[in-house]
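Please read the structure below before turning to the comments.
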Amino acid sequence: MGKSQQPVLEFDRVSFDYGAVPVLRDVSFSVEPRDFIGIIGPNGGGKTTLIKLALGLLTPAQGSIRVLGTRPDLARSRIGYVPQAMDFDRDFPISVLDLVLMGRLSRRSLIGRYRPEDKDAAWRALESVEVADLAHRPLSDLSGGQRQRVFIARALATEPEILMLDEPTASVDSQAERDIYELLRKLNRQMTI
């Protein structure tokens, strides 16, 4: 047996409040490499807050968080994130490929075009979620399940070590939900989800 790897995510006695409203109290857990973890709870139960803490978008009132061995804000570029059902202007003329390329923005300078490696990463992401054939279609033409795959592809274009999804099947039908979970099981062979 080889040496054990350190957890990719650790919460140690984390508490968080929104003003005077307590949301999380004394939360401790760890996630190992290639784990596939789901968080189940009621609306308003702190699931999204937990993810935002792990991404370093929020700071705990108490406790500590380590992501990939460092502070969450320093590890953010190593995490692919798919937020809750994303609203978008259906009239906004963006193609599937353009949306996925947006996942590469943190890896390039603000000036200039996408590099060949950005385009390669976007195509690999589209292929991995099985929607490369939709690359040049407008996002507004897609079904809910197809759109969710595209949002997952955008997160994968960052070439993450961890994939975090917030309610990944909230806006899709039951068949698309099954398909997305099957896709996530395949992706889990390569990364922590």
From the residues in region 28-38 that are under 16 Å from Val67 (Cβ atoms) and open to solvent by 50 Å² or more (accessible area, probe 1.4 Å), which one is nearest to the chain's Cα centre (by Cα)? Ile37
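One line per residue, one yes/no per condition, for (1) among the aromatic types (Phe, Trp, Tyr); (2) modelled with pLDDT of 90 or more; (3) under 30 Å from Pro138 (Cβ atoms); (4) open to solvent by 50 Å² or more (accessible area, probe 1.4 Å):
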residue: Val21; (1), (2), (3), (4): no, yes, no, yes
residue: Asp26; (1), (2), (3), (4): no, yes, no, yes
residue: Ile40; (1), (2), (3), (4): no, yes, no, yes
residue: Leu55; (1), (2), (3), (4): no, yes, yes, no
residue: Ile65; (1), (2), (3), (4): no, yes, no, no
residue: Met86; (1), (2), (3), (4): no, no, yes, yes
residue: Asp89; (1), (2), (3), (4): no, no, yes, yes
Output the residues belonging to region 115-134 that are over 16 Å from Lys186 (Cα atoms) and buried (at least 19 other Cβ atoms within 10 Å of the Cβ). Ala121, Ala122, Leu134
Taking region 145-181 and keeping residues farther than 17 Å from Leu101 by Cα, in a helix (DSSP H, G or I) and either at pLDDT 95 or above or open to solvent by less than 20 Å² (accessible area, probe 1.4 Å) (or both) leaves Gly145, Ala176, Ile180
If you scan region 30-70, which residues turn out to be part of a strand (DSSP E or B) and at positive phi? Gly63
Being part of a loop (DSSP other than H, G, I, E, B), open to solvent by 70 Å² or more (accessible area, probe 1.4 Å) and not basic (Lys, Arg) is the filter here; which residues of region 1-18 pass it? Met1, Ser4, Gln5, Gln6
When you check Ser95 against the structure, is it touching a Pro at 6+ places or on another chain (Cβ under 9 Å), surrounded by 15 or more Cβ atoms within 10 Å (Cβ to Cβ) and farther than 30 Å from Gly45 by Cβ, yes or no? yes
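The values are calculated or read from the model by the stated rules, or taken from the named source; none is laboratory data. Predicted model only: the values in this text are computed from it and were never measured. Reconstructed Cβ throughout: ideal geometry from the backbone, glycine too, with neighbour counts over all protein chains shown. We work out accessible area using only protein heavy atoms, side chains counted, and drop any ligands, DNA or RNA first. Shrake-Rupley method; radii C 1.70, N 1.55, O 1.52, S 1.80 Å.
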